[in-house]
1. For Cα pairs less than 8 Å apart in space and 6+ apart in sequence, what is the mean separation divided by the residue count of the chain, i.e. the relative contact order in percent?
2. Count charges around Asn115 for me, please; just the other residues with Cβ under 15 Å from its Cβ, Lys/Arg as +1, Asp/Glu as -1.
3. At a 10 Å Cβ-Cβ cut-off, how would you order Trp76, Trp121, fewest neighbours first?
4. Treating the beta-carbon of each Lys and Arg as +1 and of each Asp and Glu as -1, no other charges, what is the dipole magnitude of the chain about its Cα centre, to the nearest 20 debye?
5. Mind pulling the angle between the C-alpha long axis of helix 26-38 and the longest principal axis of the chain? Nearest 10 degrees, somewhere in 0 to 90.
6. How large is the direction-averaged shadow of the alpha-carbon convex hull of segment 11-155, in nm²?
7. Could you line up Thr90, Thr143, Thr16 from fewest to most neighbouring Cβ atoms inside 10 Å?
8. Taking other Cβ within 10 Å of each residue's Cβ, how do His18, His150 sort, fewest first?
Amino acid sequence: MKAGTDATGSAADTNTYHWLGYAGLVPFVVPALAFIINGSTLWFHLFSSYSLLIMSFMAGTWWGSEIRSGAPRLGWMVLSNIIALAGWLTFAYGMTHETNPETLAMAFLLVQSGNFIVLGWLDVSGRSGLITGGYALFRLRLTIVVVLCHLFMLFA
């Protein structure tokens with residue numbers, strides 16, 4: 001393997017996914033910090049909707065990987081649906097029920113934290129079969145930042 005590359009491909013590929021991965025943290029970090037500073041629900045909604053988008057995208061990547069494998073594992077495909085639906089259901093319920101918005105927001109942040117931890121652990125541990133090599137460490141870093149943002153929002 002060439003210096004500056006990992007199991008995912010060329011140095012250019014590595015630079016691209018690093019750039020995109022770190023840029024993808026901005027919509028987590030900025031709204032989390034803004035929410036901590038001023039508590040506006042706008043920042044919470046921006047953060048939550050982006051969190052749901054990224055979590056759904058990540059869970060959905062399992063489908064493509066399984067289908068490409070030639071021997072799809074039904075359990076992985078079902079688990080990806082469960083993860084995506086858990087996030088969506090807590091988000092949708094929180095958006096439609098005004099009974100206790102703080103509790104519903106906390107539930108959403110906890111469910112999403114759990115979703116990102118599960119997705120990250122399954123990918124980084126190699127159990128999902130999606131990632132290998134240096135990308136696993138990179139993915140772990142991203143997951144840690146995302147989960148910390150959720151926890152900062154939770155305790156703000």
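Throughout, read-outs are computed from the coordinates displayed, never taken from laboratory work. Nothing here was measured: the structure is a model prediction, and the numbers come from that model. Glycine gets a Cβ as well: all are built from the backbone with ideal geometry, and neighbour counts include every protein chain shown.
1. Numbers: 143 pairs, mean separation 47.2, N = 156.
Normalised by residue count, the contact order of the chain is 30 percent.
2. Values: positive: Arg139; negative: Asp123.
Taking every Cβ under 15 Å from that of Asn115, the sum is 0.
3. Fewest-to-most Cβ neighbours within 10 Å comes out as Trp121, Trp76.
4. Working: 6 positive and 6 negative charges, 75 e Å.
I would put it at about 360 debye.
5. 20
6. Values: hull surface 35.9 nm².
Averaging across all directions leaves 9.0 nm² for the Cα convex hull.
7. Numbers: Thr90 22, Thr143 18, Thr16 13.
Going from least to most buried by this count: Thr16, Thr143, Thr90.
8. Details: His18 15, His150 25.
In order of increasing Cβ crowding within 10 Å: His18, His150.
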